[in-house]
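The values are calculated or read from the model by the stated rules, or taken from the named source; none is laboratory data. Just so it is clear, the model here is predicted, and its values are computed rather than measured. Ideal geometry is used to build each Cβ from the backbone, glycine not excepted, and the neighbour counts take in all protein chains shown. Surface accessibility is based on the protein's heavy atoms, side chains included, excluding ligands, DNA and RNA. Shrake-Rupley method; radii C 1.70, N 1.55, O 1.52, S 1.80 Å.
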Amino acid sequence: MPQLRSRTPGSRRSPLALAVPAVLAVAFLALPLAGVLARTSWGELGAHLTSPGTTQALRLSLLVSAWSLGLSLLLGVPLAWLLARVDFPGKALVRSLVLLPMVLPPTVGGVALLLAFGRRGLLGPWLEDSFGVTLPFHTSGAVLAATFVAMPFLVISLEGALGGLHPRYEETAASLGASPLRVFLTVTLPMVAPGLAAGAALTWARALGEFGATITFAGNLPGTTQTLPLQVYLLLQDSPEAATSVSLLLLAIAMAVLVALRGRWTGTPRGSSAVRRPPEDPASVRSSPTPVRSVVPPEREEWPLRAEVTGFDRLTLRAEPGTTIAVVGPNGAGKTTLLRALLGLTPRARAAVRLGGTDVGGLPVHRRGIAWVPQDGALFPHLSALANTAYGLRARGVPRAEARGSARDWLERLGVGHLAGRRPAELSGGQAQRVALARALASRPRLLLLDEPLAALDQTTRARVRHMLRTHLDGFGGVCLIVTHDPVEALSLADRVLVLDEGRTVQDAPPAEVTRHPRSPWVARMLGRNAWAGTATADGLELPGGGRLVVAEPLPPGTAALAVIGPEAVSVHRRRPDGSPRNVWSGTVGEITTSGSRLRVLITSERTPDLVAEITPQAAAELGLAEGVPVWTGVKATEAALVPL
């Protein structure tokens, strides 16, 4: 037997112990199908398939399967969404009920339907007395039986597709003013359309081939409940050749559905490559030669922010119209939680929010007037840049022509008007971010939330988009919160910097004040400075490891304080310096990195925390610096500043 090739890296051939059972399994599955093909009377195939009984059963099967598919879509789509998006008590039980018809013997399912909807069943007498409806031995009973066994295929397939759809698309649509139903119809369903189509096709095929539940519950009445599978059962007794021909028809239909769904239901990888965004066109992000128009209407509405956030985040926010606040802090500090609390999207924190004179804290997301731009922009992939930008206006009831005109105007303002007809996959990172910003501003928000809007961009594009963002935020009549880890963004875009740590406000001050006196070690390091926490003494700071730092302006003894030392203020020597530095420590070079035209040298010591010095490449060469080289460092007392914590 020839060896089978394996796709596992490092293994060219599969083990014989696995190959033989696998081949036997394939043969076991294929031989019955080969039997159908071998026993088919090809010369009489046309006559068998066009006989009156077969055509009647085929028409009935198509009718029953079509109604079953419609009923499954009507009931199964909401059920799949509920299972994928909502946590509720008994969810595992509901999912088990959905799966039950897939593992239950069809005849048992028919008996269960008979006991529920039959004339002596739980609901049968009530349906007959109230509406005159009798389901058993009626075409409607065949539809009900087919739906019972087929709908789980739709629910499971669509639930998987919904589970793979990141909620940020739906949340972003809601923040733009779309109601839950509109979000579901215009964002959720289009984005899970492949999964829905796969589930629908499988549901239809399963309904077309249903036998056991149908014959048990609806009976086998020609023209009423006798579908193709039941016709095959009868033909086996009188005309086996005709039964084989009809079986071949059902087999061909089933195989066609499976081939069409290859990779969607069975998990077979599809031959698709990763989406590559086109490179940024430098010309597209340069300022227009014509003057940039104001980004707000002549009659500017102003929306001051007042918010009290409780829960994981515990803080108060007050800002006047036109204020941009940069929200910074280490991972897990509560930055994104703050944005989601303002939107009303997280159970971890709650926010009492007032925008202008309106209390929006108790309103649903789509009625708050708060636009959110997540880190990747969350542009809807099935819509063009123009349709994306107009989405918020259309959700608020603006007529289509007016919404598209306003959207085109915003795209022009942000320099991407020529890209209005492109889909998100055809945009570069910088272009996509500007479209996402245009979409948020076009929706006329009262509060704008940007979650690391420039994080995915390269340095050149980031600088250009940052300048463009600053220009357009200057005219915004509400408050803008920007979550960022980039000190340049925080200092260049923001009027205030809000520093969070473990959900609490550490510092809320103008950028210049935060730069001069950072009150958080993380912020100091983000700004490229050395930050040592300790306890103030009469002449400086006592460090946790026993070391001491002398400063020119000490704080009251016993005060918890943070020493901030600029890396350019750290001198590096190969021998102990004899000059003016009041603070001298020995250490070892741990790492040397490049920072622009200078070098940053990390020096480790047993007596003090790690210290970063910034020197020129020439100085490093003269000192012979390399990793592991012993050195001495010095810091003047006037170069170390203490900030109370």
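Looking only at segment 481-523, which residues are of a type in the set (Asp, Glu) and farther than 16 Å from Val564 by Cα?
If the condition is that a residue be of a type in the set (Asp, Glu) and farther than 16 Å from Val564 by Cα, then Asp486, Glu489, Asp495, Asp501, Glu502, Asp508 are the ones that fit.
When you scan segment 593-636 for strands (runs of 3 or more DSSP E) that lie fully inside it, which ones turn up with 2 or more residues that are touching a Pro at 6+ places or on another chain (Cβ under 9 Å) and open to solvent by 40 Å² or more (accessible area, probe 1.4 Å)?
Ranges flagged: 598-604.
Does segment 225-241 contain at least one residue that is buried (at least 21 other Cβ atoms within 10 Å of the Cβ), under 28 Å from Gly118 (Cβ atoms), in contact with a helix residue (DSSP H, G or I) (Cβ under 6 Å, 6 or more places away or on another chain) and hydroxyl-bearing (Ser, Thr, Tyr)?
yes
Residue-by-condition table, conditions (1) out of contact with any Cys (no Cβ under 9 Å at 6 or more places or on another chain); (2) in contact (Cβ under 8 Å) with a residue 40 or more places away in the chain; (3) among the aromatic types (Phe, Trp, Tyr):
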site: Arg576; (1), (2), (3): yes, yes, no
site: Trp585; (1), (2), (3): yes, yes, yes
site: Gly596; (1), (2), (3): yes, no, no
site: Ile603; (1), (2), (3): yes, no, no
site: Gln618; (1), (2), (3): yes, no, no
site: Gly624; (1), (2), (3): yes, yes, no
site: Val631; (1), (2), (3): yes, yes, no
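Report, by residue number, each residue of segment 556-585 that is open to solvent by less than 50 Å² (accessible area, probe 1.4 Å) and part of a strand (DSSP E or B).
Ala561, Leu562, Ala563, Val564, Ile565, Ser571, Val572, Asn583, Val584, Trp585
Taking segment 64-110, which residues are part of a loop (DSSP other than H, G, I, E, B) and over 22 Å from Leu185 (Cα atoms)?
Correct list: Phe88, Pro89, Gly90, Leu104, Pro105.
Would you mind stating whether Gln237 is under 12 Å from Gly53 (Cβ atoms) and not acidic (Asp, Glu)?
no
Count, please, the residues in segment 440-460 that happen to be more than 24 Å from Arg168 (Cα to Cα) and either in contact (Cβ under 8 Å) with a residue 60 or more places away in the chain or hydroxyl-bearing (Ser, Thr, Tyr) (or both). Step through it out loud before you land on a result.
The first filter runs over segment 440-460 and keeps only residues more than 24 Å from Arg168 (Cα to Cα), leaving 459-460.
Still in the list and also either in contact (Cβ under 8 Å) with a residue 60 or more places away in the chain or hydroxyl-bearing (Ser, Thr, Tyr) (or both): 460.
Residues meeting the conditions: 1.
Every residue in segment 305-359 that is more than 21 Å from the chain's Cα centre (by Cα), at pLDDT below 90 and among the basic types (Lys, Arg), please.
Selection gives Arg314, Arg350.
Do any residues in segment 142-155 that are assigned by the TED database to the domain that holds Val108 and within 17 Å of Leu230 (Cβ to Cβ) have Cβ atoms under 9 Å from those of residues that are part of a helix (DSSP H, G or I) and charged (D, E, K, R), where the two are at least six apart or on different chains, and which pairs are they?
As it stands, the answer is Ala146/Arg206; Val149/Arg206; Ala150/Arg206, since those pairs meet every condition given.
Does Arg400 satisfy the condition of being over 17 Å from Thr471 (Cβ atoms), open to solvent by 10 Å² or more (accessible area, probe 1.4 Å), in the same structural domain as Ala494 (by the TED database) and in contact with an Asp or Glu (Cβ under 9 Å, 6 or more places away or on another chain)?
no
Which helices (runs of 4 or more DSSP H) does segment 112-179 wholly contain that include 3 or more residues that are surrounded by fewer than 24 Cβ atoms within 10 Å (Cβ to Cβ), within 45 Å of the chain's Cα centre (by Cα) and at pLDDT 90 or above?
Working: elements: 124-131, 139-164, 168-175.
Helices (runs of 4 or more DSSP H) meeting the threshold: 139-164, 168-175.
With without any contact (Cβ under 8 Å) to a residue 24 or more places away in the chain and of a type outside the set (Phe, Trp, Tyr) as the only criterion, which of Val232, Val246, Val257 stands out?
Being without any contact (Cβ under 8 Å) to a residue 24 or more places away in the chain and of a type outside the set (Phe, Trp, Tyr) holds for just one of Val232, Val246, Val257, which is Val232.
Please go through segment 111-141 and pick out each residue that is more than 17 Å from Ala213 (Cα to Cα) and out of contact with any helix residue (DSSP H, G or I) (no Cβ under 8 Å at 6 or more places or on another chain).
Arg120, Pro125, Trp126, Glu128, Asp129, Ser130, Phe131, Gly132
Yes/no per residue for (1) hydrophobic (A, V, I, L, M, F, W, C); (2) farther than 22 Å from Gly141 by Cβ; (3) surrounded by 15 or more Cβ atoms within 10 Å (Cβ to Cβ):
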| site | (1), (2), (3) |
| --- | --- |
| Arg59 | no, no, no |
| Val64 | yes, no, yes |
| Gly76 | no, no, yes |
| Leu83 | yes, yes, yes |
| Ser96 | no, yes, no |
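How many residues are open to solvent by 60 Å² or more (accessible area, probe 1.4 Å), under 14 Å from Leu611 (Cα atoms) and not in a loop (DSSP other than H, G, I, E, B) when one looks only at segment 503-547?
1
Here is a check on your reading of the model: is Leu449 part of a strand (DSSP E or B), touching a strand residue (DSSP E or B) at 6+ places or on another chain (Cβ under 9 Å), crowded, with 23+ Cβ neighbours inside 10 Å and in the same structural domain as Ile325 (by the TED database)?
Criteria met by Leu449.
From Ala47, Ala92, which residue is more than 17 Å from Ala146 (Cα to Cα), more than 26 Å from the chain's Cα centre (by Cα) and either in contact (Cβ under 8 Å) with a residue 12 or more places away in the chain or in the same structural domain as Leu236 (by the TED database) (or both)?
Criteria check complete, one pass: Ala47.
In this structure, is Ala420 touching a residue at least 12 places away in the same chain (Cβ under 8 Å), assigned by the TED database to the domain that holds Leu450 and open to solvent by less than 20 Å² (accessible area, probe 1.4 Å)?
Judged against the criteria, Ala420 is a match.
Please give the number of the condition Leu411 fails out of (1) closer than 15 Å to Gln433 by Cα; (2) open to solvent by 20 Å² or more (accessible area, probe 1.4 Å).
With (1) closer than 15 Å to Gln433 by Cα; (2) open to solvent by 20 Å² or more (accessible area, probe 1.4 Å) applied to Leu411, the lone miss is (2).
Of all residues being more than 23 Å from Pro194 (Cβ to Cβ) and open to solvent by 10 Å² or more (accessible area, probe 1.4 Å) in segment 370-385, which is nearest to the chain's Cα centre (by Cα)? Just the residue, please.
Gln375
Taking interchain pairs and intrachain pairs at least six residues apart, which have beta carbon atoms under 7 angstrom, with the first residue in segment 99-118 and within 19 Å of Phe131 (Cα to Cα) and the second in a helix (DSSP H, G or I) and among the polar types (S, T, N, Q)?
Short answer, once both residue conditions are applied: Leu114/Thr216.
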